[in-house]
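Following: one structure in structure tokens, then a few remarks.
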Amino acid sequence: MSCGFLAEVACLWEATARKVGNVHPSRSFGDLEYMQFVMSAAAIRPMFESADERPVGKLVLEAVEATRNRVASNTNLGILLMLAPLASSRPLDEVLATLSIEDAECVYRAIRLANPGGLGDAPEQDVRDAPTVTLLEAMKLAADRDLIARQYANGFADVFDFGVPAFLDAFAKFGSVEAAIVDSQLRWMAKFPDSLIARKNGPAVAEDVRRRAAAALELGGIATAEGRAAGVALDGHLRSDGNKLNPGTTADLIAACLFVALRENKIAPSAPFRWNAPDWV
């Protein structure tokens, strides 16, 4: 199966699962609906079909441009930053080691075009300025405050060592892709404060959300009625003030895990998706 098809499937799975605090088929934000994510997933497929023909930065930029030609909001910048290095047929460590200043220039342009929420100012290599370091070096500078940048800095260790196993373990336990995504979302959120929440609201708020996710897991997570009730309460909390508490970075990380699992043939695109949980969000 082609890289473009698997990238599209990963994006569709991530957007369709009823994750807490995110857009999905029955939940929207004021300026963002589920269908925009569907259109975005289709928009990036052609770029990823020929990912090896594009440097990482160019792949991100062209995919953001294709997305913005179809939707008016940022739906997938973080996903593209995660998937672009993973889409290469070369070893990941080689891809990361050969990232260039030109890659950084393209990614900076893509970020400005996508205009993600809570961008703020960076003390070094701000995306509003021309980069003077490689994309990998720029990501290392942001790794302590951004989980996506952290993946570049640590060779995507959190994806391969934590996220993918968490998803596959949950799929083996629950038997559906959606349940596995929801379960792994709670596990990501309980382990790492979400970067987007932190950028929009500050680290204390992000830590509070992390503790709430951990509390839901302590009650059994989605495997128990008590854990699901805590998850529903968390969803309500995350939606209580517009989309300011949207755990968007966690969603990007999950999309990367899904892509890896699909690319490595650890799960099939035809795997059962729907989770029958009437007491969920």
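The values are calculated or read from the model by the stated rules, or taken from the named source; none is laboratory data. Remember, it's a predicted structure, so these values are computed and weren't measured experimentally. Cβ: placed from backbone, ideal geometry, glycine included. Neighbour counts: every protein chain shown. Accessible surface areas use protein heavy atoms only, side chains included; no ligands, DNA or RNA. Shrake-Rupley method; radii C 1.70, N 1.55, O 1.52, S 1.80 Å.
Some observations on this one:
- Computed from the C-beta positions of D169 and A130, the FRET efficiency with R₀ = 41 Å rounds to 0.40.
- 3J(HN,Hα) along region 161-173, derived from phi through the Karplus expression 6.51 cos²θ - 1.76 cosθ + 1.60 where θ = phi - 60°, amounts to 8, 10, x, 5, x, 4, 5, 5, 4, 5, 5, 4, 7 Hz, with x in place of Gly and Pro.
- Per-residue accessible area (protein heavy atoms, 1.4 Å probe) orders F156, F37 as F37, F156, starting from the largest.
- By a 1.4 Å probe calculation restricted to protein chains, R145 has an accessible surface near 110 Å², given to the nearest 10.
- Per-residue HN-Hα couplings for region 193-203 [Karplus 6.51, -1.76, 1.60; θ = phi - 60°; Hz; x = Gly/Pro]: x, 5, 5, 5, 4, 5, 5, 7, 10, x, x
- Modelled spin-label separation between F29 and A229, with each label point placed 7 Å from Cα along the Cα-to-Cβ direction: 3.1 nm.
- Identified option (computed semi-axes √(5λ) of the Cα gyration tensor in Å; candidates (1) 28, 21, 17; (2) 44, 20, 15; (3) 52, 24, 17): (1)
- Solvent-accessible area, 1.4 Å probe, carbon plus sulfur percent, for the chain: 51 percent
- Count of Lys pairs (Cα-Cα under 25 Å; at least 8 positions apart or interchain) in the chain: 14
- Solvent-accessible area of R274 with every protein chain in place, 1.4 Å probe, in Å² to the nearest 10: 140 Å²
- Put H237, H24 in order of accessible area, highest first, and with a 1.4 Å probe you get H237, H24.
- For E49, the solvent-accessible surface with a 1.4 Å probe is about 80 Å², rounded to the nearest 10.
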